[in-house]
Amino acid sequence: MISGTSRRWLIVAALLGFVAGVVVSARAFNIFGGESESGTSTPAPSVALPDFADLAAHISPSVVNISTTQEVKNPFGGMGEGEEDPFHDFFGPFERFFGNPRRPFKAKSLGSGFVIDAAGYILTNNHVVENADEIVVKLNTGKEFKAKVVGRDPKTDIALIEIHGASDLVAVKLGDSDKLRVGQWVIAIGNPFGLENTVTAGIVSALGRHINQGPYDNFIQTDAAINPGNSGGPLVNTKGEVVGINTAIYSRSGGNIGIGFAIPINIAKEIVPQLKEKGHVTRGWLGVMIQKVTPDIAESLGLSEPKGALVADVVKDGPAEAAGIKQGDVIVEYDGKPIADSADLPLLVARTPVGRSVVVKVIRDKKEQSFTVKIAELKEEEVAQGGGGTTSEGLGLTVQTLTPDIADNLGLDRNLKGVVVTDVDPNGPAGDAGMRRGDVILEVNRTPVKDVDAYRKALRASGKGKSVLFLVRRGDNTIFLAVKPGS
């Protein structure tokens with residue numbers, strides 16, 4: 001039998017052994033730091049992350065904050081001379097205490113910009129300074145200057161403004177946005193929500209984005225945080241070169257969710273000389289309305305792949321018509337440059353000097369043809385860009401012959417020939433393709449249809465199960481729609 005004293009000594013010995021084991025294990029695994037069993041120290045692993053501090057310090061003096069003021073007239077509508085104000089009874093009792101809410105007021109907004117010339121020229125977005133009565137530029141030093149607009153281009157959302165009297169301006173270096181690659185690091189600097197000289201970092205997420213902002217969409221997408229107030233600020237690569245102008249965000253809340261867009265700086269470099277010289281931009285004009293070649297349209301036209309720009313209409317007496325380009329042609333090359341997507345063409349045409357002749361290659365009737373077109377100047381008014389009927393089995397639409405009276409009701413030429421869509425099944429193939437009630441079908445698979453009989457005949461001639469290509473008149477425009485018959 002073990003005595004009480006012996007039992008206590010056994011417990012103490014066991015505890016000492018346990019502590020010794022922990023120390024040995026700790027030294028073996030070096031969890032307390034210091035030296036390992038071999039007596040040498042183990043350094044912490046280094047992580048190679050980018051450091052943008054020097055880059056931000058270099059660019060920040062060239063970035064400016066832009067605040068604009070615009071006088072907003074009566075938001076409830078101005079009254080003509082002698083007219084009675086319909087809001088008098090509503091607002092009258094409150095005006096004695098709160099003032100007149102219908103009086104003009106000053107609206108203010110914030111944006112960003114960057115110096116491109118030490119003489120005082122600053123690049124920003126058109127929407128930052130558009131309709132502004134007063135523009136104030138605040139430099140990195142805190143100095144403020146009133147600015148004037150030198151030139152604006154709403155189509156690309158670029159504006160050039162100028163300040164005078166600043167002797168310490170530092171101009172940025174403009175890079176080459178054509179050399180950008182997806183995945184490269186970039187930083188954005190600007191004035192988000194009025195927070196001056198905010199720097200954010202990210203990568204180039206995509207190139208050549210089309211976000212339906214105009215005919216010349218070609219945006220850089222980035223996940224560098226861009227928020228309201230960043231508009232007009234620079235997107236900078238790791239060489240310290242400006243490669244884009246921060247312009248827009250995609251957001252459900254109004255804040256950044258990692259999808260921002262910037263105008264490639266090469267577009268700005270092309271138009272800045274014109275903005276400085278004459279205040280606006282002169283662009284080339286081809287004289288066609290185009291649309292995207294979808295897989296169904298490509299199949300209908302017998303194309304091997306859905307590439308190019310489909311000519312939906314040709315402007316009368318325009319350059320394309322004079323050269324021989326026709327409706328239904330698919331433009332696959334312009335001035336030696338392939339057209340992979342219809343959105344590529346407007347920008348190429350716009351960049352072409354007025355009066356220059358270019359070779360345009362098209363696919364017509366499955367054969368390639370070339371035309372020499374003399375590019376004209378794009379004017380501001382020109383845009384780069386039922387019952388009682390028969391049911392089309394498998395297409396989900398009903399049509400009837402277009403009569404002069406129906407044409408009058410639709411606001412169309414009484415002499416127009418075709419069939420009018422009187423009903424469309426929204427869940428059918430035609431509805432899925434975008435066909436609408438009131439559309440006038442002019443052609444089926446490139447065959448003109450003057451009435452319902454011709455329409456039926458053209459449909460019967462279509463191959464079973466193959467896409468049917470419709471030429472449709474909608475208002476003042478004509479478009480192609482490819483409809484895949486249902487089962």
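Kindly indicate whether any position in the stretch 171-187 is over 24 Å from the mean Cα position of the chain (by Cα), surrounded by fewer than 18 Cβ atoms within 10 Å (Cβ to Cβ) and either at pLDDT 90 or above or of a type in the set (D, E) (or both).
Yes, the conditions are met somewhere in the stretch 171-187.
Just give me the residues in the stretch 164-207 being farther than 19 Å from K143 by Cα and charged (D, E, K, R), in sequence order.
Scanning the stretch 164-207 gives K173, D176, D178, K179, R181.
For the stretch 320-419, list the strands (runs of 3 or more DSSP E) that sit wholly inside it and hold at least 3 residues that are modelled with pLDDT of 90 or more; which are they?
Qualifying strands (runs of 3 or more DSSP E): 330-334, 357-364, 367-374.
Within the stretch 188-199, how many residues are crowded, with 17+ Cβ neighbours inside 10 Å and either on the phi < 0 side of the Ramachandran plot or out of contact with any helix residue (DSSP H, G or I) (no Cβ under 6 Å at 6 or more places or on another chain) (or both)?
Here the count works out to 8.
Would you confirm, using the coordinates I've provided, whether I297 is of a type in the set (A, V, I, L, M) and modelled with pLDDT of 90 or more?
Taking the combined requirement at face value, the residue does not satisfy it.
I'd like the full set of residues that are basic (K, R) and either assigned to a helix (DSSP H, G or I) or outside the structural domain of I211 (by TED's automatic domain parsing) (or both), limited to the stretch 230-275. Let's see the steps before the verdict.
The first filter runs over the stretch 230-275 and keeps only residues basic (K, R), leaving 239, 252, 269.
Selection gives K269 alone.
Name the residue, out of P228, P234, P295, that is surrounded by fewer than 23 Cβ atoms within 10 Å (Cβ to Cβ) and under 22 Å from the mean Cα position of the chain (by Cα). I'd like the intermediate steps shown before the answer.
Values: P234 fails: surrounded by fewer than 23 Cβ atoms within 10 Å (Cβ to Cβ); P295 fails: under 22 Å from the mean Cα position of the chain (by Cα).
The conditions single out P228.
Would you say K276 is closer than 25 Å to G175 by Cβ, surrounded by fewer than 19 Cβ atoms within 10 Å (Cβ to Cβ) and of a type in the set (K, R)?
It is true that K276 is closer than 25 Å to G175 by Cβ, surrounded by fewer than 19 Cβ atoms within 10 Å (Cβ to Cβ) and of a type in the set (K, R).
Determine which single condition E305 fails, assuming it passes every other condition in (1) assigned to a strand (DSSP E or B); (2) closer than 28 Å to K484 by Cβ.
The one condition E305 does not meet is (1).
For the stretch 153-168, indicate whether the set of residues that are at positive phi and crowded, with 16+ Cβ neighbours inside 10 Å is non-empty.
So far as the stretch 153-168 goes, yes, one or more of its residues are at positive phi and crowded, with 16+ Cβ neighbours inside 10 Å.
The values are calculated or read from the model by the stated rules, or taken from the named source; none is laboratory data. Keep in mind the model is a prediction, meaning the values are calculated, not measured. All Cβ positions, even for glycine, are placed from backbone atoms using ideal geometry, and neighbour counts span all protein chains on display.
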